[in-house]
Each structure stands twice: as structure tokens, then as C-alpha cells.
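Report on one structure; see the data block that follows.
The values are calculated or read from the model by the stated rules, or taken from the named source; none is laboratory data. Given the structure is predicted, the values throughout are model-derived calculations rather than measurements. Neighbour counts are summed over all protein chains in view; Cβ atoms, including those assigned to glycine, are modelled from backbone coordinates with ideal geometry. Ligands, DNA and RNA are stripped out before the accessible areas are found, and what is left, the full protein with its side chains, is counted by its heavy atoms. Shrake-Rupley method; radii C 1.70, N 1.55, O 1.52, S 1.80 Å.
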Amino acid sequence: MPDLSFRVEESAVVPYAIAPTLALKLRIANAVADEAIHTVALRCQVQVEVTRRRYTSEEQSRMRDLFGEPERWNQTLRSLLWTNASMVVPGFKGSTLCDLPLHCTFDFNVAATKYFEGLTDGEIPLHLMFSGTVFYADEEGALQVAPISWEQEARFMLPVKVWRDMMNAYYPNSVWLHLRRDVFDRLYEYKTQRGIPTWEQALESVLPVEETVGP
């Protein structure tokens, strides 16, 4: 019976996907080295372990919307569910290296996006929990099926730079902002009535003018 283990070796941006996507280079190893694995239907839940890193004063300020005032972080900092992923792993013996795709969003109503964007540098501590089904051949070559327990897990430090490189590739010099429908309608009416050509100019026209600081 297979005894699988999982390890993330590195991360990379997936170019030209339909949505921003990261690939975690996942090493899957079977303790029974000569056993033939036909395929693995793999599921993975990815959490961000926010308590496993330090935060600068700038990062603390940028995350007030998410965790409140830094003085309360010992009560408000909790692991965040980022995403669920799934994939089909082709057959192998011993071990294999495959890409686990993580589809990402730049919607600032999503807690994970607020967290990632609030970081200025360093790494993002991830906790991956695996489950699924393994199809393998027994000693006589007959097809067998076994589950993957939720006890199988891995940890990985995702560089903040990889996240920023991905978003810059898909949304260069841009962000996504989700608005309530009635607020959008009011902004749209304001824009059209005044003949303002772009959304940026419409927003700039209602934002306070930055004061110039003298010498």
C-alpha cells in the first residue's frame, strides 16, 4: 500500500493563464520505492499561517483593515484559509515532481488579497493539507485504490516577490476594486454627466488634493 509524502520545493508564476495563477513545485514520494502508482487524484487546502512571521510597522499599518490595531493582534491574528486546489498526478514510481496550480484573485474584498498586498517583503508562510485518492498496482498487478489522509501536509515559505511578480504580470500598474452596485451606479452617473473619460480621472476628481509640503 502506498505511503506518500509531500514537499514543496519552489514556486513560480504561470504565464498566460485565464486568471492569475501560481504553481507550487510539489515533490510526491512513495516510501515503497518499487510500487507502481497509476495516478493520484489530489486535493489540497492551503492556509496562510499569519503568526509564523514578523511584521514591520509599515505592514502593521497596512493591515489594520484586516486585523485591527497591532495592540490587539495577539487576539485577532489567526490562520487564513487561502484557497483549495486539485489536480490529477500521472503515474510514477518512487517519486515525481508536479505543478500544483493555485488560482489567485486580486479582489480587495478577499482577506488573502488584503494580507498579501499588505506585505512589503519577506515570505508568506503557507500550510498545505492534502487528501484524495491513490490508484496503484498490487504485487500481482491488480488495480487497487487507497485514500490519502488529511494527516498528510507540508509547509512552504512563499516569497512575497513571487506574488507581486504574478500580479504585475497579469495586472500591470493596476488593482481590482469591488464596489456595491448602487455605489457603482452613482459613480457611473457622475462620470458620464461630467464627460470624464476614465475611471481613474473620475475618482481623482472626488479625492482630496494632496497638499504640497513646503521646505
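Mind checking which residues of region 21-58 are open to solvent by 70 Å² or more (accessible area, probe 1.4 Å) and under 16 Å from the mean Cα position of the chain (by Cα)? Result: ARG43, single match. The sole residue among PRO172, PRO208 that is surrounded by fewer than 11 Cβ atoms within 10 Å (Cβ to Cβ) and modelled with pLDDT of 85 or more is PRO172.
Restricting to region 186-195, what's the tally of residues that are open to solvent by 70 Å² or more (accessible area, probe 1.4 Å) and either among the small types (Gly, Ala, Ser) or assigned to a helix (DSSP H, G or I) (or both)? Full working, then the answer.
Just the residues of region 186-195 that are open to solvent by 70 Å² or more (accessible area, probe 1.4 Å), to begin with: 186, 188-189, 192-194.
Going one step further and asking which of them are either among the small types (Gly, Ala, Ser) or assigned to a helix (DSSP H, G or I) (or both), we end up with 186, 188-189, 192-193.
Selection size over region 186-195: 5.
For the residues SER86, SER61, SER79, the requirement of being touching an Asp or Glu at 6+ places or on another chain (Cβ under 9 Å), within 25 Å of VAL162 (Cβ to Cβ), open to solvent by 20 Å² or more (accessible area, probe 1.4 Å) and free of Cβ contacts under 8 Å to residues at least 60 places away in the same chain singles out SER79. Within region 42-58, being farther than 14 Å from LEU26 by Cβ and either in contact with a His (Cβ under 6 Å, 6 or more places away or on another chain) or among the hydrophobic types (A, V, I, L, M, F, W, C) (or both) holds for GLN47, VAL48, GLU49, VAL50.
Contact map, region 5-19: first residue within 21 Å of SER131 (Cα to Cα) and among the aliphatic types (A, V, I, L, M), second residue modelled with pLDDT of 95 or more and open to solvent by 40 Å² or more (accessible area, probe 1.4 Å), Cβ cut-off under 9 Å, separation 6 or more or different chains; pairs are VAL8/LYS25; VAL8/ARG27; VAL8/ARG155.
Is it true that some residue in region 149-157 is of a type in the set (Phe, Trp, Tyr), outside any helix (DSSP H, G or I) and farther than 22 Å from ASN109 by Cβ? There is at least one residue in region 149-157 that is of a type in the set (Phe, Trp, Tyr), outside any helix (DSSP H, G or I) and farther than 22 Å from ASN109 by Cβ.
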